[in-house]
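Rule-based calculations on the coordinates, nothing more; no lab input. Treat the numbers as computed from the prediction; the structure is a model and nothing was measured. As a convention, Cβ positions derive from the backbone with ideal geometry for all residues, glycine included, and neighbour counts pool all protein chains shown.
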Amino acid sequence: MDFFDVVQSRRSIRSFLDKPVEADKLHQLLEAVNRAPSAGNLQAYEIFVACDAQRRAALAHASLGQSYVASAPVALVFCAHPQRSATRYGERGARLYAVQDATIACTYAMLAATALGMASVWIGAFSDQQVWQAIGSPEGLEPVAILSVGYAAEQREPSRRRPLNTIVHYLD
């Protein structure tokens, strides 16, 4: 799929088919994520892959009851690794760059899922503590986003976007 077709066809899907994501497609998606740019190429993030129904249910609970986290066959939890970024960039790296790295990686995962014929939805509303417990309490990591991935059970129209002239400001 052409890149601009991927961008045009990506939607936030909250209803998934009861069909597992093939291991090779998941691997392709994760390989694409691994190519995401990051501050100083430090890749100051970690990804936790939850395919187990019980763990996805715990993540859905942590996500304030967003049940589609449990219904998708895969949930990817993107965590910032502040200390990794702080080694080079100090406090700004810990506070900002690690979060940026994790969000860029999650964006690559969304686009890769679309290119592979799958769907996804980004979840940002959750209890950090409950997500942290659901993924095994890894020391020093901060959950930034959960991405539910699977095959779409719904078709969605494109959402309305702001006109470019309201968000783009050319500087002379």
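Can you tell me the dipole magnitude for the stretch 3-152 around its Cα centre, using point charges on the Cβ only (Lys, Arg +1; Asp, Glu -1), in Debye to the nearest 20?
Numbers: 12 positive and 12 negative charges, 52 e Å.
Around 240 debye, computed over the stretch 3-152.
Using a 10 Å Cβ count of at most 13 others and DSSP loop calls, identify the longest part of the chain lacking such trypsin sites (Lys or Arg not before Pro).
Maximal segment without exposed cleavage sites: 36-155.
In deg cm²/dmol and to the nearest 500, what is the mean residue ellipticity at 222 nm of the chain if only DSSP H runs of at least 4 residues count, each as -39500 (n - 2.57), divided by the residue total?
On the way: 8 runs with 73 residues, N = 172.
Estimated from H runs of four or more residues: -12000 deg cm²/dmol.
What is the Cα centroid distance between the stretch 73-124 and the stretch 125-149, reported in whole angstrom?
What the calculation gives is 12 Å, centre to centre.
Out of the GluC sites (Glu not before Pro) in the stretch 87-172, which ones are loop residues according to DSSP with at most 15 other C-beta atoms within 10 Å?
Glu139, Glu154
As I understand it, the dipole of the stretch 112-172 uses +1 on the Cβ of Lys and Arg and -1 on the Cβ of Asp and Glu, about the Cα centre. Which of Ile135, Ala115, Val149 lies farthest toward its positive end?
Selected residue: Ala115.
What list of ³J(HN,Hα) values in whole Hz, one per residue of the stretch 97-104 in order, does the Karplus curve 6.51 cos²θ - 1.76 cosθ + 1.60 (θ = phi - 60°) give from phi, with Gly and Pro shown as x?
4, 5, 5, 4, 4, 5, 6, 5
Rounded if a/c is under 1.5, else prolate if a/b beats b/c, else oblate: with a ≥ b ≥ c from the C-alpha gyration tensor eigenvalues square-rooted, which is the chain?
The shape class here is oblate.
Which GluC sites (Glu not before Pro) from the stretch 5-76 combine a DSSP loop assignment with at most 16 other Cβ atoms within 10 Å?
Working: sites: Glu22, Glu31, Glu46; in loops: Glu22.
Answer in residue order: Glu22.
In whole Hz and in residue order, list the ³J(HN,Hα) couplings for the stretch 59-70 that follow from phi through the Karplus curve 6.51 cos²θ - 1.76 cosθ + 1.60, θ = phi - 60°; x for Gly and Pro.
5, 5, 4, 5, 8, 6, x, 6, 4, 5, 5, 7
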